[in-house]
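Colleague: This is the structure I have questions about; it appears just below.
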Amino acid sequence: MQVKLLDLQPQYVPLRDEIRQAIDEVCDAQSLVLGPHVEKFERALAGYCETKHAIGVSSGTDALLCALMAIDIKPGDEVICPSFTFFATAGSIARLGAVPVFVDIDPRTFNIEPNLIVRKITKKTKAIMPVHLFGQCANMAAINEIACRHGLLNIEDAAQAIGATHHRKPACAHGFAGCLSFYPTKNLGAFGDAGAICCNDDSLAEKIRKLRVHGSGHTYYHDHIGGMFRLAAIQAAVLSVKLKYLNNWHELRRRNAGIYDTILAESNAITPFIEPGNASIYNQYVVRVTGRDAVKQKLQDAGIGSGVYYPLGLHLQKCFSHLGYRSGDLPETEKACAEVLALPIYPELSVEQVAHVATTLREIVG
Ligand SMILES: *Cc1c(COP(=O)(O)O)cnc(C)c1O
């Protein structure tokens, strides 16, 4: 039995007519960038994320960059973030001339460890950017408390966590702003690049709306130096269709995770830990195994795809070598990089496929 790590076809096929009709509407209207289709999606998204505002942008990366621009992150400022994350988290900070200050993770959840944040706060610290990795929220209760006590702003990197909840409140509704990605591999995927920023603050939302069109409120008059971060109408139309099915897809991912949890319970693969008070959307189902690369190869030989998110912490990336981190500085991040393995978890997998992956892995790792 062949099982891919991710297959987008089985999600598209049953929605084909509905999605093509939505795309057709955009074609007929020829309102192609921002406009009514984007506004309609933004309203639905704000409702889904339980925030007052949702602003569609060109990608998750641009959402992070634009949110940091909106809170005036400047050269020399420090922004605290995890090292165990996708590059965009720290890349967006560095692109503004600010310094990403890397903090180690809680080894059980893979998310930033709140207790380690406090030690990294200096006079230059302006913000914290927690990441809700693999679909589980970071400990926002603790992080908000720290941010509040030290006068810092929180920008959630919720690229992998749309609809994940922490004490019943969804990702993006905890921080000053929350950033989403609709890259096709995320739980809500567009037909190309797309993203959004959600927030409750009216003036922040107004500024973000300007920043996504080169800082202009009125065409050709510029209040800020922004970027071109506009969301395409075709993407918004596709996303509006898919948003209706998202909770159902989350449930199917949770069902798949439950099968893995059960079959792998007594094995040498360490299954994901979901913190009490959190509901994960399982953008990835990530186990820890020793001899990870060999295990991955054996799965591949058995026709099963798997992935490594992430093989190297951002603190040890070549492009950040000037920041002076050494190997050993973030031990839990480095250990996770050596052990993590993501298994197929997409909603359309059959129960038999998931069980097959789990039993195959169990045979490999013992
Ligand atoms: C996917 C992702 C992003 C970036 O999103 P893009 O839409 O690919 O630019 C940012 N942060 C994290 C944690 C992600 O997983």
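Every read-out reported here was derived from the displayed coordinates using simple, explicitly stated rules and does not represent laboratory data. Note that the structure is a prediction, hence the values are computed from the model and not measured. Ideal geometry is used to build each Cβ from the backbone, glycine not excepted, and the neighbour counts take in all protein chains shown.
Colleague: What residue among Val354, Gly303, Ser321 has its Cα farthest toward the positive end of the dipole of the range 256-366, where the charges are +1 on Lys, Arg and -1 on Asp, Glu, each on the Cβ?
Modeller: Of the options given, the answer is Ser321.
Colleague: Most mobile of Ala141, Ala94, Ala190 per a Gaussian network model of the chain (Cα springs, under 10 Å)?
Modeller: Sorting by GNM fluctuation, first place goes to Ala141.
Colleague: Sort Asp202, Asp157 by Cβ crowding within 10 Å, fewest neighbours at the top.
Modeller: Asp202, Asp157
Colleague: Give me the Kirkwood hydrodynamic radius of the chain in Å, from all C-alpha pairs, to one decimal place?
Modeller: For the chain, the Kirkwood estimate is 21.0 Å.
Colleague: Starting from the Cα of Lys296, draw a straight line to each of the aspartates and glutamates and keep only those under 17 Å, dropping any in the same chain fewer than 8 residues away.
Modeller: Glu339, Glu363
Colleague: Mind putting a number on the dipole of the chain about its Cα centre? Charges go on the C-beta only, +1 for Lys and Arg and -1 for Asp and Glu, and I need it in Debye to the nearest 20.
Modeller: That gives a dipole near 500 debye.
Colleague: Past 26 Å, Cα to Cα, is the threshold; run Lys169/Lys318; Lys40/Lys186; Lys169/Lys210 against it and keep the listed order.
Modeller: Too far apart for the 26 Å limit: Lys169/Lys318; Lys169/Lys210.
Colleague: Relative contact order (percent) for the range 228-319, with alpha-carbon contacts under 8 angstrom and 6 or more residues of separation?
Modeller: 19
Colleague: Filter the trypsin sites (Lys or Arg not before Pro) in the range 207-272 down to the DSSP loop ones having no more than 13 other Cβ atoms within 10 Å, then list what survives.
Modeller: Working: sites: Lys207, Arg209, Lys210, Arg212, Arg230, Lys242, Lys244, Arg253, Arg254, Arg255; in loops: Arg212, Lys244.
Qualifying residues, ordered by number: Lys244.
Colleague: Report the equivalent ellipsoid semi-axes for the range 231-272 in whole Å, largest first, defined as the square roots of five times the eigenvalues of the gyration tensor built from alpha carbon atoms.
Modeller: 35, 11, 5
Colleague: Farthest toward the dipole's positive end in the chain, which of Thr333, Gly76, Thr109, given Cβ charges of +1 (Lys, Arg) and -1 (Asp, Glu) about the Cα centre?
Modeller: Gly76
Colleague: Order these by the 10 Å Cβ neighbour count, fewest first: Arg108, Arg168.
Modeller: With the fewest neighbours first, Arg108, Arg168 line up as Arg168, Arg108.
Colleague: What residues qualify as long-range amide H neighbours of Val3, i.e. H under 5 Å apart, gap of 5 or more or another chain, H built at 1.01 Å from N?
Modeller: Counting only residues 5 or more places away or on other chains, the set is Ile304, Gly305.
Colleague: Subtracting the Cα-Cα distance from 0.36 nm times the residue separation, let me have the gained length for Ile225 to Lys318 in nm, one decimal.
Modeller: Details: separation 93, 0.36 × 93 = 33.48 nm, distance 2.94 nm.
Working it through step by step, the gained length comes to 30.5 nm.
Colleague: What percent do you get for the relative contact order of the range 125-264 when only Cα pairs under 8 Å and 6+ apart count?
Modeller: 15
Colleague: What aspartates and glutamates sit close enough to Lys52 to cross-link, taking a C-alpha to C-alpha distance under 14 Å and skipping anything fewer than 8 places away on the same chain?
Modeller: Glu39, Glu42, Asp201, Asp202, Glu206
Colleague: Which FRET efficiency value, to the nearest 0.05, is calculated for Asp202 and Glu363 with the Förster distance at 51 angstrom and r the Cβ-Cβ distance?
Modeller: Once rounded, the FRET efficiency stands at 0.35.
Colleague: Taking the number of other C-beta atoms within 10 Å as the exposure measure, put Met69, Met129, Met1 in order starting with the fewest.
Modeller: Met1, Met69, Met129
Colleague: Computed from the mean reciprocal separation of all distinct C-alpha pairs, what Kirkwood hydrodynamic radius does the range 246-365 have, in Å?
Modeller: Taking the inverse mean of 1/r over all distinct Cα pairs, the range 246-365 comes out at 15.5 Å.
Colleague: Say each of Glu348 and Ser31 gets a label point 7 Å from the Cα, pointing the same way as Cα to Cβ; how far apart are those two points in nm?
Modeller: Spacing of the two 7 Å Cα→Cβ label points: 3.1 nm.
Colleague: Hey, in the GNM for the chain with a 10 angstrom Cα cutoff, which one of Gly324, Gly215, Gly226 fluctuates hardest?
Modeller: The residue with the greatest mean-square fluctuation here is Gly324.
Colleague: While we're looking at this one, here's another question. Where nothing but the Cβ of Lys and Arg (+1) and of Asp and Glu (-1) is charged, how large is the charge dipole of the range 253-359 around its Cα centre, in debye to the nearest 20?
Modeller: Roughly 180 debye for the range 253-359.
Colleague: Please report the relative contact order for the chain, taking Cα pairs under 8 Å with a sequence separation of at least 6, and give it as a percent rounded to a whole number.
Modeller: 22
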